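Reading through the structure tokens given below for one structure.
Readers should treat all values here as calculations from the given coordinates under stated rules, not as data from a laboratory. As the structure is a prediction and not an experimental result, all values here were calculated from the model. Note that each Cβ is placed from the backbone with ideal geometry, even for glycine, and that neighbours are counted across all protein chains shown.
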Amino acid sequence: MQLKNYIVFLLVVVVSYIGVSQERQIAYADDHFKKYEFIDAQRIYLKVADKGYHSADLLKKLGDSYYFNAELNAASRWYGVLYKEYRSEMEAEYLFRYAQSLKSAGNYSDSDIIMDLFETKTGLRERRAQLFNQERDYLDLIEMQSGKFQITDVGINSSFSDFAPSFHKDELVFASSRGNSSINKVIHEWNEMPFLDLYTAVASSSTVGGDLQGLEKVKGKVNTKFHESSSVFTKDGNTMYFTRNNYTNKYLKQNEEGTTLLKLYRSRLEKGKWSKAEELPFNSDSYSVAHPALSADDKKLYFASDMPGGKGLSDLYVVDIRGDDFGIPKSLGDQINTEGRETFPFISESGRLYFASDGHIGLGGLDVFVAIPTMNSFEKPLNIGAPVNSPDDDFTFILKEDTKMGYFASNRPGGLGDDDIYSFIQIEKLITRCKQTVVGQITDANTRAIIKNATVSLLDKNSKEITSVAVDDSGNYTFNIACKEEYIVRAAHPDYKSTEIQFFTDNTFEKENVKPLQLNKGQELQPKTGIKVGDDLAKILQLEPIYFDLDKSFIRPDAEIELQKVIAAFQEYPTIKIDVRSHTDSRSSDDYNMHLSERRAKSTIKYIIEKGGVSASRISGRGYGETSLVNQCGNTSTCSEEEHQKNRRSEFIILQL
């Protein structure tokens, strides 16, 4: 397993195995395992397991020895034995690893069953459990996203590990463990592969899948006898940031446990060669910092780390570049980071974040995700789908947005080595956020004839117009809308009475909400008060606010007087329809206030129906809790009772006249 498979990529020494009793064999294996010498540990564990000696601890470590080397099919076998024999002793993390391993063989239904147990065990306190709970239709979404790239092999792969491509002028720089013929070449104990170096190659053509030629190690003082990988370059091509073992000035440093971690380094291009690398100041001997990415303006450096205070096995961070100095690294937050592995970031020219993760829901192993930048962070990441993603590890994704060409690495079957680099061209736009549409046809309520020249408006939950369109010749309209929002669609025509419909969107991607509207013949009623659809009757009739006592929903005597005026409006306009919207102040919890406002809306509606003899079909309503305060009296504000009372109110929005 290369640097991709775990953020704590360690440098270790060889320890010889001595044949002893089972207990001592396991003790020796445990020693290898603690040093991340998974291959040596695995050999011993297998010998013990084959003799029929099982324990929960042995099966966990045997499964892990495969899991952390990306051999997920083999890992699922031993996690499966663990699940069968020691289910009660399986911590939540092992349920997660078992579920991930099952995906590698395409056993998504079995994986989902294990994830249900994972969710139960964590009680949704965990980000990965929350994501699974929210995205149970993840395979449908990934299928919807798939097919947007065409991929092909490249000619630089070897029988070893090749990954972490990066753009440098007309070159492709990448990491490879192909090594050399020296008998002194050091072998990494994690997976018994030679250590990684940085190489360059030049594309022979601009077409996807074009041969890469001129393969050689990067020139200068970058490569050492230890790991170098995952590089990124400034726009002028003269500065390189890259990952290396904690090896500076020919001195190898270790943490308190005697293991060597990863650090970020910077080198300058001088006369065609890379200068002696310097450590970045936020490195540490106690944790790893690796896999750099640069913002489009070269002012921010993104990276992965397992530093204290993080959320998972590795998190993504960003730090400001201030000339030769740096700011304080900041986590990209819970929207991006999970309790799993988030690693190998890449920032496109437009600021999109691409990264690899096994914490977000995917097809198995590491999948590539994309997140759109916001003012201060990124939106919810979305899986970019097949064929880039697969049941195996897919990672180190890079893209040139102007040409739609790029590269990524994967350990999927069919490659030459442990990891292989693939090229791609993007042929369709990715789905980058949850979007829906609302569509409908405007017809005559009596004849069902199509109404041409009608105008349809899209309004937000506060009846504020977002946009409007004229219907086409078939009376149809379409609006693009967001997920998990409340909207109002209103139709109007000079010869008809306006009408509207209120609805809520869910979190289904690319959903089409069908909302036809039927109009009744006749002119809009425009009384002297100027009443029209969308108005708040309370303002039109100059009603005193329908206030409620603190924590109460009964109708006060002063409110009854005002509600009688509303009843009078129902009687004056026989076709009027009204939506009652009840609100609370910010005191008490959000959930409680939502329930309280619902009770107030029901009390108001009940009074109008029972006292005014108004048909229930003419009045609707719901509670909004504290979501629409009329002043600044939020949860953290200090306000007077009079100021809070202004938020305990009901509104009467006209839906139809």
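The order of the peptides 319-332, 443-456 by mean Cβ neighbours within 10 Å, most packed first, is 443-456, 319-332. Here the stretch 289-327 and the stretch 88-152 have alpha carbon centers that stand 28 Å from each other.
Let me check I've understood the local charge: for residue 457, count other residues with C-beta under 13 angstrom from its C-beta, Lys and Arg +1, Asp and Glu -1. What total comes out? Summing Lys/Arg as +1 and Asp/Glu as -1 gives +1. Between residue 325 and residue 51, full extension at 0.36 nm per residue minus the direct alpha carbon distance yields a gain of 92.9 nm. Converting phi to 3J(HN,Hα) with the Karplus coefficients 6.51, -1.76 and 1.60 and the offset θ = phi - 60°, the stretch 332-341 yields 6, x, 5, 5, 9, 8, 10, 6, x, 10 Hz in sequence order, with x at every glycine or proline.
Calculate, for residue 539 and residue 636, the FRET efficiency according to 1/(1 + (r/R0)^6) with r their C-beta to C-beta distance and R0 35 Å; round to the nearest 0.05. Present the calculation step by step, with values, prior to reporting the outcome.
On the way: r = 29 Å, r/R0 = 0.84.
Plugging the Cβ-Cβ distance into 1/(1 + (r/R0)^6) gives 0.75.
Once fully extended, how much extra length lies between residue 588 and residue 400, figured as 0.36 nm per residue of separation less the alpha-carbon to alpha-carbon distance?
62.6 nm
Does the stretch 431-502 come out rounded, prolate or oblate, given a ≥ b ≥ c as the square roots of the eigenvalues of its C-alpha gyration tensor, rounded meaning a/c under 1.5 and, failing that, prolate meaning a/b above b/c? Cα axes put the stretch 431-502 in the prolate bin. Note the angle between two axes, namely the Cα long axis of helix 590-612 and the longest principal axis of the Cα atoms of the chain, as a number of degrees from 0 to 90, rounded to the nearest 10. So the helix axis and the longest Cα principal axis differ by about 20 degrees. Full extension of the chain between residue 506 and residue 349 gives 53.3 nm of extra length, using 0.36 nm per residue less the Cα-Cα distance. Rounded to the nearest 500, the 222 nm mean residue ellipticity of the chain from helices alone is -7000 deg cm²/dmol, with -39,500 (n - 2.57) taken per DSSP H run of at least 4 residues. Near residue 154, the amide H atoms lying under 5 Å from its own belong to 423; only residues 5 or more places off or on other chains count, and H is placed 1.01 Å from N. Stokes-Einstein, applied to the Kirkwood radius of the chain over Cα pairs at a viscosity of 0.692 mPa s and 37 °C, places its translational diffusion at 114 µm² s⁻¹. Under a model in which nothing but the beta-carbon of Lys, Arg (+1) and Asp, Glu (-1) is charged, the chain shows a dipole of about 520 debye around its Cα centre. Could you let me know the centre-to-centre spacing of the stretch 53-81 and the stretch 481-525, using Cα atoms, in angstrom? Computed from Cα coordinates, the inter-centre distance equals 55 Å. Only aspartates and glutamates eight or more places from residue 169 in sequence, or on another chain, were considered; those with a Cα closer than 18 Å are 211, 216, 236, 270, 297, 298, 349, 401, 402. Peptides 634-642, 582-590 ranked from most to least packed by the mean count of surrounding Cβ atoms within 10 Å: 582-590, 634-642. Over the stretch 305-460, the pair-distance histogram of Cα-Cα distances with 5 Å bins from zero comes to 2, 8, 14, 17, 15, 12, 8, 6, 5, 4, 4, 3, 2, 1, 0 percent, rounded to whole numbers.
With contacts taken as Cα pairs under 8 Å at a separation of at least 6 residues, the stretch 583-657 carries a relative contact order of 44 percent. Taking a ≥ b ≥ c as the square roots of the Cα gyration tensor eigenvalues, the stretch 234-341 comes out oblate, since a/c reaches at least 1.5 and a/b does not exceed b/c.
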